[in-house]
Ligand SMILES: [Zn+2]
């Protein structure tokens, strides 16, 4: 992969139906998926991605409705283009990590690490064109204030609405959005094809994450598909059962995780059927 390919904005817009789009940005499997959901009166953009892109102008080409931003959680790869929009919703329990996403030093460290993992020499960081690219990606305007998201809140879009379901686990403020009309659940990083990370300091206990999954499974008749933040876009609802099995396996073996998990640096990784969870080493 050459430097130009690595810096390409690589934005993909996929029409899911006439009033729903996926806007995906990033490279390879490190892509971030955002979803534009349009009602008769307004639209909602669920997450805004990692790389600084012209997200607002992309959205304006797809819908002429006023667009509000809904955040599945506060991580950097979900909130980086929030600053381009006027009305933002976030669960305030993720306030501290939303702050971090707008920290230019942290953004620079993350992006430099990513380029180095692709074989780019550190000397390239001080030269054009990578230097200009990194400045654009790290010098964000101040983060915008937000309105609170909380359990059972309904975001009314006009003949279509999104219901907030709090799903703490990956982060303490993680939420999912239920689109009852189209029977879809937008879940952010609460369930991912490549596994769910629960080893951050902003993650909850596995027991709390398990409660979130049970809440979703109790409502499984209300949705047919899961729309995730990274990797494969549409996941079958049956994968929730696998994540429940994985969480229960960890809880049942909490004192002998060495026997069921792979140990990696600062975390354990546990696989159960199609589900994988990472948890901190205590
Ligand atoms: Zn995340």
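Computed from the coordinates by the stated procedures, all read-outs in this text should not be read as laboratory data. Predicted model, so just to flag it, every value in this text is computed and none were measured. We place every Cβ from the backbone using ideal geometry, glycine too, and count neighbours over all the protein chains shown.
Return 156, 241 ranked ascending by Cβ neighbour count within 10 Å, so the fewest neighbours appear first. Display every interim value, and only then the final one.
Details: 156 12, 241 17.
Lowest to highest Cβ neighbour count: 156, 241.
At a 10 angstrom cut-off on C-beta neighbours, averaged per residue, how do the peptides 125-136, 48-59, 211-222 rank from highest to lowest? All intermediate terms of the calculation are to be shown ahead of the outcome.
Numbers: 125-136: 13.2, 48-59: 20.3, 211-222: 15.5.
Put in order of decreasing packing, that is 48-59, 211-222, 125-136.
Would you kindly state how much longer the chain becomes between residue 220 and residue 281 on full extension, computed as 0.36 nm times their sequence separation minus their alpha carbon distance, in nm to one decimal?
On the way: separation 61, 0.36 × 61 = 21.96 nm, distance 3.22 nm.
That works out to 18.7 nm of additional length.
Counting other beta carbons within 10 Å of each Cβ, put 180, 238 in order, fewest first. Intermediate values should be presented prior to the final figure.
Working: 180 14, 238 11.
Going from sparsest to densest Cβ surroundings: 238, 180.
Give the average over all directions of the projected area of the C-alpha convex hull of the stretch 92-136, one decimal, in nm². Before the final figure, lay out each step's value.
Numbers: hull surface 14.2 nm².
Projected area, direction-averaged: 3.5 nm².
Would you work out if the stretch 187-252 is rounded, prolate or oblate? Take a ≥ b ≥ c from the square roots of the eigenvalues of the alpha-carbon gyration tensor; rounded if a/c is under 1.5, else prolate when a/b is larger than b/c, oblate otherwise. All intermediate terms of the calculation are to be shown ahead of the outcome.
Working: a/c = 1.83, a/b = 1.26, b/c = 1.45.
Oblate shape, in that a/c is at least 1.5 and b/c is the bigger or equal ratio.
Within a 10 angstrom radius of the beta carbon, how do 205, 176 rank from fewest other beta carbons to most? Walk me through the numbers before you get to the answer.
Working: 205 14, 176 26.
Ordered by Cβ neighbours within 10 Å, fewest first: 205, 176.
I need two numbers for the stretch 58-181: Rg to one decimal and Dmax as a whole number, Cα atoms only, in Å.
Rg, Dmax (Cα atoms, Å): 17.2, 54.
Two decimals, Cα atoms only, Kirkwood Rh: what is Rg/Rh over the chain? Display every interim value, and only then the final one.
On the way: Rg = 18.8 Å, Rh = 19.5 Å.
Result for the chain is an Rg/Rh of 0.97.
Write down the radius of gyration of the stretch 146-266 and its Dmax, each obtained from C-alpha positions, in Å.
Here Rg and the maximum Cα pair distance are 15.1, 52 Å.
Using mean Cβ contacts within 10 Å as the protection proxy, how do 11-22, 93-104, 68-79 order, highest first? Numbers along the way, then the final one.
On the way: 11-22: 14.7, 93-104: 18.1, 68-79: 25.6.
With the highest mean Cβ count within 10 Å placed first, the list reads 68-79, 93-104, 11-22.
Can you give me the distance in nm between label points at residue 40 and residue 9, each placed 7 Å from the Cα along the Cα-to-Cβ direction?
3.4
Extending each Cα 7 Å along its Cβ direction at residue 86 and residue 273, get the distance between those two points in nm, one decimal.
With each label point 7 Å from Cα toward Cβ, the separation is 4.7 nm.
Quote the Stokes-Einstein diffusion coefficient, in whole µm² s⁻¹, for the stretch 17-122, based on the Kirkwood radius over alpha carbon pairs, a temperature of 25 °C and a viscosity of 0.890 mPa s. Present the calculation step by step, with values, prior to reporting the outcome.
Values: Rh = 14.6 Å.
Roughly 168 µm²/s, to the nearest whole number.
Under 1.5 on a/c is rounded, so check that first for the stretch 1-68, then, if it is not, pick prolate when a/b is larger than b/c and oblate when it is not; a ≥ b ≥ c are the square roots of the alpha carbon gyration tensor eigenvalues. Present the calculation step by step, with values, prior to reporting the outcome.
On the way: a/c = 2.68, a/b = 2.25, b/c = 1.19.
Prolate shape, in that a/c is at least 1.5 and a/b is the bigger ratio.
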